[in-house]
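Undergrad: One structure is given below, represented as structure tokens, and several questions about it will come after.
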Amino acid sequence: MSNLNKNFIELVKSHGLDRLGENPEKFEDKDELHSFLFNEDYFVIGYFQASKILKDCNYSELDAIRDLIQLQNDHFGEISFKPEELNSEFLVNQLTYFYGFEVIEEIIQEFEDEEEEV
């Protein structure tokens, strides 16, 4: 895993597992699983709540912006947002999408392990 914020990674992973637990039938289509978990719905709505998430994860907005720029460059080869779009809500939702790629395999493994235990 990269040098991304570990607290935020754990939050995203937990979110993905919770969402999958609520919709276990989605597990059947692993090719679309990331899209379902991290792209079909917003992770957070509201600037205050998003700012609180960043603070609770000990993730400064400047670090979050830096990481988002790096992630977009890595995935798209360019930055696809405009400076006027930047706010805490945008940052958290965008980072959740990209961090989802970092944790999707762990989510799949943990979900499979839980299913085997049942």
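Here, each number is a calculation from the coordinates, and none is a lab measurement. On a predicted model such as this, the values are computed, not experimentally measured, just so you know. All Cβ positions, glycine included, derive from the backbone under ideal geometry; neighbour counts span all protein chains shown.
Undergrad: Determine which single condition residue 60 fails, assuming it passes every other condition in (1) within 21 Å of residue 7 (Cα to Cα); (2) surrounded by 13 or more Cβ atoms within 10 Å (Cβ to Cβ).
TA: Only one criterion is unmet by residue 60, namely (2).
Undergrad: So is residue 68 more than 11 Å from residue 8 (Cβ to Cβ), among the aliphatic types (A, V, I, L, M) and either out of contact with any helix residue (DSSP H, G or I) (no Cβ under 8 Å at 6 or more places or on another chain) or surrounded by 13 or more Cβ atoms within 10 Å (Cβ to Cβ) (or both) or not?
TA: Details: more than 11 Å from residue 8 (Cβ to Cβ): yes; among the aliphatic types (A, V, I, L, M): yes; either out of contact with any helix residue (DSSP H, G or I) (no Cβ under 8 Å at 6 or more places or on another chain) or surrounded by 13 or more Cβ atoms within 10 Å (Cβ to Cβ) (or both): yes.
Against the criterion (more than 11 Å from residue 8 (Cβ to Cβ), among the aliphatic types (A, V, I, L, M) and either out of contact with any helix residue (DSSP H, G or I) (no Cβ under 8 Å at 6 or more places or on another chain) or surrounded by 13 or more Cβ atoms within 10 Å (Cβ to Cβ) (or both)), residue 68 qualifies.
Undergrad: Does the range 73-83 contain at least one residue that is in a helix (DSSP H, G or I), surrounded by 14 or more Cβ atoms within 10 Å (Cβ to Cβ) and touching a residue at least 24 places away in the same chain (Cβ under 8 Å)?
TA: Our first condition is that a residue be in a helix (DSSP H, G or I); within the range 73-83, this holds for 73-76, 83.
Subsequent filtering for residues that are surrounded by 14 or more Cβ atoms within 10 Å (Cβ to Cβ) retains none.
No, because not a single residue in the range 73-83 is in a helix (DSSP H, G or I), surrounded by 14 or more Cβ atoms within 10 Å (Cβ to Cβ) and touching a residue at least 24 places away in the same chain (Cβ under 8 Å).
Undergrad: If you don't mind, there's one more thing I want to ask. Of all residues in the range 88-106 being closer than 10 Å to residue 42 by Cα and of a type outside the set (S, T, N, Q), which is surrounded by the fewest Cβ atoms within 10 Å (Cβ to Cβ)? So that I can check it myself, show each step before the final result.
TA: Going residue by residue through the range 88-106, those that are closer than 10 Å to residue 42 by Cα are 89-90, 92-94, 96-97.
Still in the running and of a type outside the set (S, T, N, Q): 89-90, 92, 97.
Details: 89: 19, 90: 15, 92: 30, 97: 19.
Result: 90.
Undergrad: A follow-up question, please. Are there any pairs with C-beta distances below 6 angstrom linking a residue in the range 87-113 that is without any contact (Cβ under 8 Å) to a residue 12 or more places away in the chain to a residue that is polar (S, T, N, Q), with the two at least 6 apart or on different chains, and if so which?
TA: none
Undergrad: Are any residues in the range 20-48 part of a helix (DSSP H, G or I), surrounded by 13 or more Cβ atoms within 10 Å (Cβ to Cβ) and in contact (Cβ under 8 Å) with a residue 24 or more places away in the chain, and if so, which ones? Full working, then the answer.
TA: Our first condition is that a residue be part of a helix (DSSP H, G or I); within the range 20-48, this holds for 20-22, 24-28, 30-38, 47-48.
Next cut, surrounded by 13 or more Cβ atoms within 10 Å (Cβ to Cβ) only: 20, 26-27, 33-38, 47.
Answer for the range 20-48, where residues must be part of a helix (DSSP H, G or I), surrounded by 13 or more Cβ atoms within 10 Å (Cβ to Cβ) and in contact (Cβ under 8 Å) with a residue 24 or more places away in the chain: 20, 27, 33, 34, 37, 38, 47.
Undergrad: Here is a further query. State all residues of the range 1-23 that are among the aliphatic types (A, V, I, L, M) and under 22 Å from residue 64 (Cβ atoms); if no residue qualifies, say none.
TA: As a first pass, look at the range 1-23 and keep what is among the aliphatic types (A, V, I, L, M): 1, 4, 9, 11-12, 17, 20.
Scanning the range 1-23 gives 1, 4, 9, 11, 12.
Undergrad: Which ones in the range 53-73 are over 16 Å from residue 43 (Cα atoms) and among the hydrophobic types (A, V, I, L, M, F, W, C)?
TA: Result: 62, 65, 69, 71.
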